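Everything on this sheet refers to the single structure shown next.
Just so you know, all these numbers are worked out from the coordinates, no wet-lab data involved. These numbers were taken from a predicted model, which means no experiment stands behind them. Neighbour counts run over all protein chains shown; Cβ positions are idealised from the backbone, glycine included.
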Amino acid sequence: MENAVLVDIEVEHEDWLDVLPDAPQLIQTAIEATFAHLETSQQADIVVLLTDDAEVKDLNKQYRQKHAPTNVLSFPAPKIAGVTDIAHLGDMALGL
């Protein structure tokens, strides 16, 4: 099944493209392959933020009360009653 998951990749920190020029495509491919493995007809979307350690540290402090950077932060989306057509899986922030 095609395009069962919409992946929104936001490159906030350009160093990601210096280190790994095809990072957005690799992430897109990995998420699509994972979703295809689930063999579901449910439409879904996910947001991936490629940023730096300073931003991840700020997010970690704001949402988890931990004043330190980490490699990955994930924010699962709450289920919204009555919304069944597209599931928002949540947001991920990756630091570099």
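For the reader, a short list of remarks on this structure follows.
- Degrees between helix 23-37 axis and first principal axis of the chain (Cα, 0 to 90, nearest 10): 40
- Degrees between helix 53-64 axis and first principal axis of the chain (Cα, 0 to 90, nearest 10): 70
- Comparing ALA54, PRO78, LEU89 along the charge dipole axis of the chain, the residue lying farthest to the positive side is PRO78, per the Cβ-charge model.
- Packing-based ranking, highest mean first, of 10-17, 89-96, 32-39 given that Cβ atoms within 10 Å are counted: 89-96, 10-17, 32-39
- Taking Cα centre as origin and charging only the Cβ of basic (Lys, Arg, +1) and acidic (Asp, Glu, -1) residues, the dipole magnitude of the stretch 5-94 rounds to 600 debye.
- Using only alpha carbons, the chain has a radius of gyration to Kirkwood radius ratio (Rg to Rh) of 1.01.
- On full extension, the segment bounded by GLN42 and GLU10 gains 9.2 nm, given 0.36 nm per residue less the C-alpha separation.
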